[in-house]
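Enquirer: Below: one structure in structure tokens.
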Amino acid sequence: MNSKETGDVILLAHGDGGLLTHQLIEKYFLPQFKNRFLETLTDSATFPSKSGKMAITTDSFVVDPIFFPGGDIGKLAVCGTVNDLAVSGAKPLYLTASFIIEEGFPLSDLKKIVISMAKTCREINLPIIAGDTKVVGKGQADKIYITTTGVGYILDEARLGYNRIKPGDSVIVNGTIGNHGLSILVERESFRFDTAIISDCAPLNGIIQKLLKRFEGIKFMRDLTRGGLATNAKEIAVAAGFDIWLDETDIPIKKEVKGITEMLGLDPLYLANEGTFLTVVSNKDAEGVIQLLKKHPLGKDSAIIGRVSKGKGDGDVFLKTQLGGSRRLSMLTGAPLPRIC
Amino acid sequence: MELDKKLLKKVIELSKRVTEKKGRKIYLMEVCGTHTTAISKSGLRSLISDTIELRSGPGCPVCVTDQSHVDKIIALARQHPVVIATFGDMVRVPGTHSSLERERARGAQVEIFYSPHEAILFAKKNPRKEIVFLGIGFETTAPAIAMSIADAHNQGIKNYSVVALHKSVPPVMRALLDDEDLHVDGFMLPGHVCTITGRKIFDFISSEYSIPAVIAGFETTDILQAIYLLLEQFFSGRVQTINAYTRLVHEEGNGKAKKIINEFFETVDTAWRGFGFIPDSGFCLKPDYAYYNAEKRFSVEVGESSMPEGCSCGDVLRGKMKPFHCPLFGKTCTPANPVGPCMVSSEGACAAYYNYSDW
């Protein structure tokens, strides 16, 4: 094997903690992730903390394909964890990243992924302060898996909880739904459509922080990842003990998403999103929230899509159809699209 | 949408006049599973339920696949080191003892494809693997299966074969109409199937059995329009098989597609779930293409097939039972844990009623 070949792909030795591991860190990770916490390269990163309530979350990313329109597994690994913190009312402070890489994975692809992670982190000023790399044999993993853990502190203004949700509250989404799930499917199945379906993958902490600082009427938030709008609305309704009525006419869905999902027999209400959140807002703040959202690039398609109502206490979610009928929405069953995140 | 609402109003008004004239509710059957799903999704069923009852028919390809055929496919996945290539719906259909989903968990190779063309590309890329495509569907997808065999034949792809279980819709319509216990006042015919078969082949519904039929598209507007055209026939007294999906369906259908079906397949008697054997209703590969017939290439041992106790998929497919009248519906049989195929397939009536809470 000549040196060029060994330089092209990940080898088992890149994960053995020896010379190649060090080279991998020095050449691929450090230049991109560089920050004062990580640079020490000690067994654990030490960092100052804030007083008050902290939040921590962890998530593994196994999306297939690893590159898709609007993002890649690296960007997704940052956004997914950041968004989980953000919808909990936390400001993200630090991130860790752990990579499981399949032997033979092209180093050029690893570089692209690392650059994309670093770019997303820079945009939101979030340092990756610890990390790990393991390599498994060919066929023992599919290309690359990334686990990120995020730590943040709960904003003073954030008072989020199911218990604050009351009948009459408005249900708002910040943008169109179904884009991520469909973009993955279209990419995976190599369908050839005239219009590209672009994932909504984006970090939501900035826009959410703005909302929380301005409106005390924001009572609950949830990012609409796996299971999509319908499943997440159902979970919220059950936990709050009230019904949610959504209006099909008001739910923002891109025309091309509508068209392709109809063709493939999918329901956009159940497709995953990676830069879309739902918030339950007191009626008096609803219009203000929309006005603020509309000014932000991640909120320009925002809309009030429904209302909380008293119901019988079962936590049902109803969709008022465009035709004027109604149907009950339940949680996603089965997994029509595995490995979307 | 405003148009739909206006059309809905007209449908309701006319249906009231028809029910007054008949002295009872009107029973219409939507034969196609895609119609069932579209109707449930729009919330239409409950909006017209005072005067019209819509019943689902044998129009979901996975659902009408007989249990013995499902068992054969599962046995094939278990007994031979092949790659089962299939449309997604088939994976979770329970056979007598197992499902493809379970076999996959045990190590069988099952790949989901959206078209047989993709399976051909997969076969080309993986010359050491035997790819078996599950040919399940109606006239709509039969030409694509035929094309894939043509591709394999012309390109010398030896590691591709098909389980030919495609079915023809006109014979099952006749089986429905010959059923004396079935009370249906009119049929909404499957738009997609008719793009291939054409309108004329369904003329017998109105001419021989004096029951109105309308070929419908899949938008809410199409469905409302079809219902309106059915209702009108009860008044005019002129019973016809009307093509209301003229933007895609022609009198004689798609000549090219029909030609390729005839080139590769011959019709045989075949078993349908809920119906038993229906004469000339199955598409079997012609002897010239026996090489691509997976059933000839791989022999399997299959035990006796049976349906789980209480499963009413057969009755649902024959329009005899509404999904929610099945004792298992929503209790032991749900999309997460399906007992029968009608709860699995995205075109299955039980899944549509359950997922869109249409009961």
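Enquirer: For the range B:275-322, give me the residue count where each residue is more than 16 Å from the chain's Cα centre (by Cα), buried (at least 16 other Cβ atoms within 10 Å of the Cβ) and assigned to a strand (DSSP E or B).
Expert: Number satisfying all stated conditions: 3.
Enquirer: Output the number of the condition that A:Phe99 fails; it satisfies all remaining conditions of (1) free of Cβ contacts under 8 Å to residues at least 60 places away in the same chain; (2) within 24 Å of A:Cys341 (Cβ to Cβ); (3) surrounded by fewer than 19 Cβ atoms within 10 Å (Cβ to Cβ).
Expert: The single condition A:Phe99 does not satisfy is (3).
Enquirer: If you don't mind, there's one more thing I want to ask. Mind telling me which of the residues B:Gly88, B:Gly23 ends up being within 14 Å of chain A (Cβ to nearest Cβ) and out of contact with any helix residue (DSSP H, G or I) (no Cβ under 9 Å at 6 or more places or on another chain)? First the steps, then the outcome.
Expert: Working: B:Gly23 fails: within 14 Å of chain A (Cβ to nearest Cβ).
So the residue among B:Gly88, B:Gly23 that is within 14 Å of chain A (Cβ to nearest Cβ) and out of contact with any helix residue (DSSP H, G or I) (no Cβ under 9 Å at 6 or more places or on another chain) is B:Gly88.
Enquirer: Can you tell which of B:Ile74, B:Ile131 is more than 19 Å from B:Trp272 (Cα to Cα), at pLDDT 95 or above and buried (at least 20 other Cβ atoms within 10 Å of the Cβ)? Break it down into steps so the answer makes sense when it comes.
Expert: On the way: B:Ile74 fails: more than 19 Å from B:Trp272 (Cα to Cα).
Answer to the selection: B:Ile131.
Enquirer: Of all residues in the range A:4-54, which are under 15 Å from A:Asp132 (Cα atoms), over 30 Å from the mean Cα position of the chain (by Cα) and among the charged types (D, E, K, R)?
Expert: The one that is under 15 Å from A:Asp132 (Cα atoms), over 30 Å from the mean Cα position of the chain (by Cα) and among the charged types (D, E, K, R): A:Asp16.
Enquirer: While we're on this one: Taking into account only those residues within the range B:334-359 that are in a loop (DSSP other than H, G, I, E, B) and more than 10 Å from chain A (Cβ to nearest Cβ), which is surrounded by the most Cβ atoms within 10 Å (Cβ to Cβ)? Show your work before the answer.
Expert: Of the range B:334-359, the ones in a loop (DSSP other than H, G, I, E, B) are B:335-336, B:338-340, B:344-348, B:356-359.
Now restrict to residues that are more than 10 Å from chain A (Cβ to nearest Cβ): B:339-340, B:348.
On the way: B:Val339: 23, B:Gly340: 27, B:Gly348: 31.
Taking the candidates together, the pick is B:Gly348.
Enquirer: Scan A:Arg192, A:Arg188 and give me the residue that is out of contact with any strand residue (DSSP E or B) (no Cβ under 9 Å at 6 or more places or on another chain) and within 14 Å of another protein chain (Cβ to nearest Cβ).
Expert: Working: A:Arg188 fails: out of contact with any strand residue (DSSP E or B) (no Cβ under 9 Å at 6 or more places or on another chain).
On inspection, the qualifying residue turns out to be A:Arg192.
Enquirer: Determine, yes or no, whether B:Ala105 is aliphatic (A, V, I, L, M), modelled with pLDDT under 95 and more than 23 Å from the chain's Cα centre (by Cα). Reasoning before the result, please.
Expert: Values: aliphatic (A, V, I, L, M): yes; modelled with pLDDT under 95: yes; more than 23 Å from the chain's Cα centre (by Cα): yes.
Considered against the rule, which asks whether it is aliphatic (A, V, I, L, M), modelled with pLDDT under 95 and more than 23 Å from the chain's Cα centre (by Cα), B:Ala105 comes out as yes.
Enquirer: Additional query: Mind checking which residues of the range B:1-14 are assigned to a helix (DSSP H, G or I) and either within 14 Å of chain A (Cβ to nearest Cβ) or of a type in the set (Lys, Arg) (or both)? It would help to see each step written out before you state the result.
Expert: The initial filter retains those residues of the range B:1-14 that are assigned to a helix (DSSP H, G or I), namely B:2-14.
Hits for the range B:1-14 are B:Glu2, B:Leu3, B:Asp4, B:Lys5, B:Lys6, B:Leu7, B:Leu8, B:Lys9, B:Lys10, B:Val11, B:Ile12.
Residue-wise test of (1) out of contact with any Lys or Arg (no Cβ under 6 Å at 6 or more places or on another chain); (2) within 26 Å of B:Ala85 (Cα to Cα); (3) aliphatic (A, V, I, L, M); (4) in contact (Cβ under 8 Å) with a residue 40 or more places away in the chain.
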residue: B:Val239; (1), (2), (3), (4): yes, no, yes, no
residue: B:Ile278; (1), (2), (3), (4): yes, no, yes, yes
residue: B:Pro287; (1), (2), (3), (4): yes, yes, no, no
residue: B:Ala294; (1), (2), (3), (4): yes, yes, yes, yes
residue: B:Asp315; (1), (2), (3), (4): yes, no, no, yes
residue: B:Pro327; (1), (2), (3), (4): yes, no, no, no
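Enquirer: Check whether at least one residue in the range B:46-61 is farther than 27 Å from B:His117 by Cβ, among the charged types (D, E, K, R) and within 14 Å of chain A (Cβ to nearest Cβ), and report yes or no.
Expert: yes
Enquirer: Also: Out of the range A:230-258, which residues are aliphatic (A, V, I, L, M) and within 21 Å of A:Glu287 (Cα to Cα)?
Expert: A:Ala233, A:Ile244, A:Leu246, A:Ile251, A:Ile253
Enquirer: Can you find, within the range B:103-124, the residue that is nearest to the other protein chains (Cβ to nearest Cβ) among those that are free of Cβ contacts under 8 Å to residues at least 40 places away in the same chain, part of a helix (DSSP H, G or I) and not aromatic (Phe, Trp, Tyr)?
Expert: The initial filter retains those residues of the range B:103-124 that are free of Cβ contacts under 8 Å to residues at least 40 places away in the same chain, namely B:103-115, B:117-118, B:121-124.
Next, from what is left, pick out any that are part of a helix (DSSP H, G or I): B:103-105, B:117-118, B:121-124.
Subset that is not aromatic (Phe, Trp, Tyr): B:103-105, B:117-118, B:121, B:123-124.
Numbers: B:Glu103: 17, B:Arg104: 12, B:Ala105: 13, B:His117: 11, B:Glu118: 7, B:Leu121: 9, B:Ala123: 16, B:Lys124: 14 Å.
Across the range B:103-124, the extreme among qualifying residues is B:Glu118.
Enquirer: Right, another one. Touching a residue at least 40 places away in the same chain (Cβ under 8 Å), buried (at least 23 other Cβ atoms within 10 Å of the Cβ) and within 14 Å of another protein chain (Cβ to nearest Cβ): is that true of A:Ala272 in this structure? Before you say what the answer is, go through the steps one by one.
Expert: Numbers: touching a residue at least 40 places away in the same chain (Cβ under 8 Å): yes; buried (at least 23 other Cβ atoms within 10 Å of the Cβ): yes; within 14 Å of another protein chain (Cβ to nearest Cβ): no.
So A:Ala272 fails the test.
Enquirer: Limited to the range A:155-182, what total is found for residues that are polar (S, T, N, Q) and in a loop (DSSP other than H, G, I, E, B)?
Expert: Here is the first cut: in the range A:155-182, the residues polar (S, T, N, Q) are A:163, A:170, A:174, A:176, A:179.
Those left that are additionally in a loop (DSSP other than H, G, I, E, B): A:174, A:176.
Qualifying residue count, the range A:155-182: 2.
Enquirer: Under the condition of being among the hydrophobic types (A, V, I, L, M, F, W, C) and within 14 Å of chain B (Cβ to nearest Cβ), which residue from the range A:280-325 is farthest from A:Asn205 (Cα to Cα)?
Expert: Narrowing the range A:280-325 to residues among the hydrophobic types (A, V, I, L, M, F, W, C): A:280-281, A:286, A:289-290, A:292-293, A:298, A:303-305, A:308, A:317-319, A:323.
Those left that are additionally within 14 Å of chain B (Cβ to nearest Cβ): A:317-319, A:323.
On the way: A:Val317: 27, A:Phe318: 29, A:Leu319: 29, A:Leu323: 37 Å.
The selected residue is A:Leu323.
Enquirer: Checking A:Ile184 against (1) over 18 Å from the mean Cα position of the chain (by Cα); (2) modelled with pLDDT under 95; (3) not small (Gly, Ala, Ser), only one condition comes out false. Which one?
Expert: Evaluating A:Ile184 over (1) over 18 Å from the mean Cα position of the chain (by Cα); (2) modelled with pLDDT under 95; (3) not small (Gly, Ala, Ser) leaves (1) as the failure.
Enquirer: Taking the stated definitions as given, is A:Arg327 of a type in the set (Lys, Arg), at pLDDT 95 or above and surrounded by fewer than 23 Cβ atoms within 10 Å (Cβ to Cβ)? Spell out how you get there, then give the answer.
Expert: Details: of a type in the set (Lys, Arg): yes; at pLDDT 95 or above: no; surrounded by fewer than 23 Cβ atoms within 10 Å (Cβ to Cβ): yes.
No.
Enquirer: Something else now. Go through the residues of the range B:93-101 one by one and say whether even a single one is out of contact with any strand residue (DSSP E or B) (no Cβ under 7 Å at 6 or more places or on another chain), within 14 Å of chain A (Cβ to nearest Cβ), surrounded by fewer than 19 Cβ atoms within 10 Å (Cβ to Cβ) and without any contact (Cβ under 8 Å) to a residue 12 or more places away in the chain. Before you say what the answer is, go through the steps one by one.
Expert: Looking only at the range B:93-101, we keep the residues that are out of contact with any strand residue (DSSP E or B) (no Cβ under 7 Å at 6 or more places or on another chain), and these are B:93-99, B:101.
After this cut, where a residue has to be within 14 Å of chain A (Cβ to nearest Cβ) as well, the list is B:93-94, B:99, B:101.
Those left that are additionally surrounded by fewer than 19 Cβ atoms within 10 Å (Cβ to Cβ): B:101.
Restricting the remaining residues to those that are without any contact (Cβ under 8 Å) to a residue 12 or more places away in the chain gives B:101.
Looking for residues that are out of contact with any strand residue (DSSP E or B) (no Cβ under 7 Å at 6 or more places or on another chain), within 14 Å of chain A (Cβ to nearest Cβ), surrounded by fewer than 19 Cβ atoms within 10 Å (Cβ to Cβ) and without any contact (Cβ under 8 Å) to a residue 12 or more places away in the chain, one finds at least one in the range B:93-101, hence yes.
Enquirer: Here's a follow-up. Determine which member of the set A:Pro48, A:Pro65 is in contact with an Asp or Glu (Cβ under 7 Å, 6 or more places away or on another chain) and either assigned to a loop (DSSP other than H, G, I, E, B) or in the same structural domain as A:Gly275 (by TED's automatic domain parsing) (or both).
Expert: Numbers: A:Pro48 fails: in contact with an Asp or Glu (Cβ under 7 Å, 6 or more places away or on another chain).
That would be A:Pro65, the only listed residue that is in contact with an Asp or Glu (Cβ under 7 Å, 6 or more places away or on another chain) and either assigned to a loop (DSSP other than H, G, I, E, B) or in the same structural domain as A:Gly275 (by TED's automatic domain parsing) (or both).
Enquirer: On the basis of being out of contact with any Ser or Thr (no Cβ under 8 Å at 6 or more places or on another chain), touching a residue at least 40 places away in the same chain (Cβ under 8 Å) and either in a helix (DSSP H, G or I) or away from every other protein chain (no Cβ under 14 Å) (or both), does B:Lys331 make the cut?
Expert: Values: out of contact with any Ser or Thr (no Cβ under 8 Å at 6 or more places or on another chain): yes; touching a residue at least 40 places away in the same chain (Cβ under 8 Å): no; either in a helix (DSSP H, G or I) or away from every other protein chain (no Cβ under 14 Å) (or both): yes.
It is false that B:Lys331 is out of contact with any Ser or Thr (no Cβ under 8 Å at 6 or more places or on another chain), touching a residue at least 40 places away in the same chain (Cβ under 8 Å) and either in a helix (DSSP H, G or I) or away from every other protein chain (no Cβ under 14 Å) (or both).
The values are calculated or read from the model by the stated rules, or taken from the named source; none is laboratory data. Bear in mind the structure is a predicted one, so any value in this text is a computation, not a measurement. Cβ: placed from backbone, ideal geometry, glycine included. Neighbour counts: every protein chain shown.
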